[in-house]
Structures are given as structure tokens and as C-alpha cells.
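Quick note: the coordinates plus some simple rules give every number you see, no bench work behind them. Keep in mind that what you see is a predicted model, and the values were worked out from it rather than measured. Every residue, glycine among them, receives a Cβ derived from its backbone with ideal geometry; neighbour counts consider all protein chains shown.
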Ligand code: NAD
């Protein structure tokens with residue numbers, strides 16, 4: 001699988017990944033770095049270094065920041081360009097969950113707070129990243145890949161509440177709109193996993209997949225293939241979508257979710 005893009009024969013491919021410090025994003029960073037990419041990661045929790053930036057063996061640069069902050073996106077893109085010499089792939093992935101809330105579960109003010117937080121991170125965070133990366137990606141004929149979810153399609157039974165379902169449905173709209181907007185210079189695609197046991201948290205910091213055994217049994221029982229996927233199985237799909245093999249794909253979503261589309 002070769003990296004796609006047009007004008008970077010003399011340098012290694014470069015990616016920016018948001019939410020790359022844990023779970024699916026962390027697996028994507030490892031997969032890209034193992035396949036020749038240099039990666040700048042934007043995450044609010046940079047591993048092992050408090051809130052400072054750091055670098056691993058010259059290949060991964062960790063940048064501490066919040067995806068709700070437009071300046072954080074500009075900063076990580078600037079770092080990719082100045083440190084690694086260009087940008088070929090933007091992965092929008094940082095996300096938070098709503099803990100499965102229904103519309104009548106919270107008082108109005110609390111519902112507004114949770115919904116705004118989820119939409120800010122899971123939707124506005126994607127828009128801000130796309131905005132910051134679009135110019136450099138147009139220069140390299142690069143691509144964007146976003147993490148959607150089974151909650152971009154399903155509204156019941158998958159643990160998603162009303163705010164998370166709204167956010168992930170909206171993020172599908174973001175992907176489709178960007179794909180139309182940025183063609184032909186930048187391709188925009190997505191991966192929509194279902195039930196990957198990660199460190200995913202609610203806005204108040206609770207782990208969605210706490211109680212691993214019970215959770216894996218639930219995930220397995222919910223999808224037609226009876227599988228629980230690991231983040232490492234999902235990660236290569238991002239690299240595939242960024243590669244020349246996917247040269248003809250934009251506005252598409254790959255769905256590693258155990259077959260929920262036929263449930
Ligand atoms: P995770 O919590 O392991 O990883 C999410 C990362 O995003 C963390 O490193 C976290 O620090 C970061 N993050 C959260 N809010 C941030 C903010 N405001 N600014 C900067 N960084 C922030 O969870 P994950 O499951 O790997 O989630 C990654 C993406 O996958 C999310 O968009 C999630 O909605 C999506 N997703 C997950 C599953 C699943 O089953 N785990 C399924 C479908 C979609």
C-alpha cells in the first residue's frame with residue numbers, strides 16, 4: 001500500500017492525528033509511524049509528559065491542546081509543516097461520549113451542557129481541524145479521514161445517547177460536505193467503527209467501556225458477526241483510505257462494526 005498524493009517524492013508522508021493519545025487514534029498513530037509516516041498528534045492528554053509537547057524518536061510529535069480551540073489546530077499543522085516538511089493526511093478522531101443519555105434524563109441546563117460539549121468536540125473539532133489542514137492538503141493532493149461511528153447510522157441499542165447520536169450523524173454530514181467542497185484536490189473519507197473497547201470517556205470523565213467482560217459480551221451479542229474488534233484492526237483502514245489504492249474514493253465510509261448494516 002503506497003501513500004497517496006502528488007508532490008512529495010523526496011520526503012516521507014506526514015500526518016496530523018487528533019485524539020492520538022489513546023484507543024483508536026493511538027493505534028492509527030502507531031500504524032502510520034510503522035509504515036513510514038511522520039505524525040503530529042494533537043490531544044488534550046499527551047502521554048507521559050503532563051501538558052507539554054514531546055517527540056518520539058523523531059517520528060511522532062505530541063502536541064498538547066484541545067480540539068475545541070482553533071489555535072491548537074493551527075499550531076499542530078504548523079508543527080507538521082515546519083518539522084516534517086509538509087502534510088499529506090489529516091485524521092480527525094478525538095471524541096467524547098454522552099454516556100447514553102435520553103432526552104428526559106437530565107435537567108435542561110445540564111442537558112445543554114453535555115450536548116454542547118459533545119457537539120463541540122465531535123463535530124466542531126472536526127470542522128476546525130479540516131479548516132486548519134485544508135490548504136496544506138490541497139498543496140500535496142492529500143486526504144482527510146475522520147472517525148465516525150455506528151452511531152452515525154443507528155439510534156438504538158449501541159449505547160449512544162441523544163447527543164452522541166446527533167454528533168456522529170452530524171459528523172457524517174461534515175465528511176460528505178467536505179468531500180464535495182474540497183474535490184478534486186483533497187479526498188475526504190471516514191471510518192465508522194462499532195464497539196472497539198478503548199478508553200473512550202463521557203464528558204464527565206467516566207469510561208464508556210468500564211467492566212470489560214460485560215462490555216465485550218454486549219458488543220459481541222449486538223453485531224451479526226459476533227466480534228469485538230481491537231483498535232489495531234481498525235487502524236490500517238485509515239492508511240488504506242489515505243493511500244493511492246483509494247485514489248478513486250471520496251465521501252465514503254468504511255464500517256468495521258461486525259455487520260451492523262445488516263442487523
Ligand atoms: P479514547 O478515549 O480512547 O480516545 C479519544 C482521544 O481523544 C483521547 O486520547 C482523548 O484524550 C482525546 N480527546 C477527547 N477530547 C478531546 C479534546 N477536547 N481535545 C483534544 N483531545 C481530546 O476513545 P476512542 O474510542 O479511541 O475514540 C476515538 C474516536 O472513535 C472518537 O471519535 C469516538 O467517538 C470514535 N468511536 C469509538 C468507538 C468505540 O467503540 N471505541 C466506536 C465508534 C466511534
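Things to note:
- Rounded to 10°, Cα long-axis angle of helix 162-182 versus longest principal axis of the chain: 30
- Cα-based helix-to-principal-axis angle, 108-119 vs the chain, degrees rounded to 10: 30
- Residues residue 217 and residue 116, FRET efficiency given R0 of 22 Å [Cβ-Cβ distance, rounded to 0.05]: 0.10
- Gaussian network model of the chain, Cα within-10 Å springs - most flexible of 159, 221, 142: 221
- Spin-label pair residue 1/residue 232, simplified geometry with 7 Å Cα→Cβ offset, distance in nm: 1.5
- Bridge orientation summary for the range 14-256: considering DSSP beta bridges with both residues in this region, about 15 percent are antiparallel.
- For the peptides 117-127, 243-253, the ranking by mean Cβ contacts within 10 Å, running from highest to lowest, is 117-127, 243-253.
- Folded to 0 to 90 degrees: helix 231-242 orientation relative to the chain principal axis, Cα: 50
- Here is the P(r) of the chain: all C-alpha pair distances, binned every 5 Å from 0, give 1, 7, 14, 18, 20, 17, 12, 7, 3, 1, 0, 0 in whole percents.
- Divide the volume of the convex hull around the Cα atoms of the range 51-186 by the residue count and you get 119 Å³ per residue.
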